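First up is the structure itself, then whatever we jot down about it.
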Amino acid sequence: FNFYDNFAGTTLKSNWVNNGMTVSVNNGVTLTPSGSPGTWSRDSITYNINVYNTNYVAESLTKVTTMSSAGATDVEPVDILNSNSATAYSNNYNVVDTGIMFGGNPPNYYHSTQTSQGSVTITSISMPSGYSYSVFSLYQIYVNGASVGVAVNYSNILNTQTNYNPSTQYLGIGGYAVSGGAVTFVTQWFRARAYPPDGVMPSVSFGGVS
């Protein structure tokens, strides 16, 4: 399973399901959560191909353009969700893994994964030196069996293990804004590619990508 979308043109491709986002496509996609009420209510665009039982790396090149200090906000540049339904995100338990999630101004950074049915682990994480959410960064989730890792700009953030492996899993870009919060973010491109056969992720050096 591999795909790449640079959001060329002015509309989402047909494989994307819009679940509550205000969407603007123009050589990139600008997303604004609708502010739907409810704890952990998420809006998203979800790629309508089931990635269950595959090993892969999912990546998005994303930056935040607006993040209010009021209310509650959240950005999830790469999500794994266990449903592509428009009503799927009413609580935590429809998330398989949020990758790097962040919200607020100044932001707090977290990782959320469902380690077993109905049991979600939320971990506070730190971002690498020089990182800024307001410039384009590469957000990554890499999945190899029960092993899940998250990274930004090829810099590993954490690795975890999960026994939760629902038979429907979809990749998406998610977020929310409630209680007066406001957030808008832009994804220049999104892709999924095969997990490296030797398990070694590429790294960035001044000579390029190796």
When you look at SER112, is it outside any strand (DSSP E or B) and either among the polar types (S, T, N, Q) or at pLDDT below 95 (or both), yes or no?
no
Is it true that some residue in the range 40-56 is of a type in the set (Val, Ile, Thr) and modelled with pLDDT of 95 or more?
no
Identify the residue in the range 42-58 that is under 17 Å from LYS13 (Cβ atoms) and under 12 Å from the mean Cα position of the chain (by Cα) and, among all such residues, is surrounded by the fewest Cβ atoms within 10 Å (Cβ to Cβ).
TYR47
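Of all residues in the range 69-82, which are open to solvent by less than 30 Å² (accessible area, probe 1.4 Å) and not in a strand (DSSP E or B)?
Residue satisfying the conditions is ASN82 alone.
Each row is one residue, and each column tells you yes or no for (1) assigned to a strand (DSSP E or B); (2) closer than 27 Å to ASN2 by Cβ.
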{"site": "VAL96", "(1), (2)": "yes, yes"}
{"site": "THR121", "(1), (2)": "yes, no"}
{"site": "SER126", "(1), (2)": "no, no"}
{"site": "TYR139", "(1), (2)": "yes, yes"}
{"site": "VAL148", "(1), (2)": "yes, yes"}
{"site": "TYR176", "(1), (2)": "yes, no"}
{"site": "THR184", "(1), (2)": "yes, no"}
{"site": "PRO196", "(1), (2)": "no, yes"}
Any chance the range 157-170 includes a residue that's under 22 Å from THR73 (Cβ atoms), in contact (Cβ under 8 Å) with a residue 60 or more places away in the chain and of a type in the set (Val, Ile, Thr)?
no
With criteria (1) of a type in the set (A, V, I, L, M, F, W, C); (2) on the phi < 0 side of the Ramachandran plot; (3) modelled with pLDDT under 90; (4) under 15 Å from the mean Cα position of the chain (by Cα), VAL75 comes up short on (3)
Looking across the range 92-139 at residues that are under 18 Å from LEU81 (Cβ atoms) and of a type in the set (A, V, I, L, M, F, W, C), the single one that is most open to solvent (accessible area, probe 1.4 Å) is ILE122
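The values are calculated or read from the model by the stated rules, or taken from the named source; none is laboratory data. If you're wondering where the values come from, they're calculated on a predicted model, not measured in any experiment. All Cβ positions, glycine included, derive from the backbone under ideal geometry; neighbour counts span all protein chains shown. We work out accessible area using only protein heavy atoms, side chains counted, and drop any ligands, DNA or RNA first. Shrake-Rupley method; radii C 1.70, N 1.55, O 1.52, S 1.80 Å.
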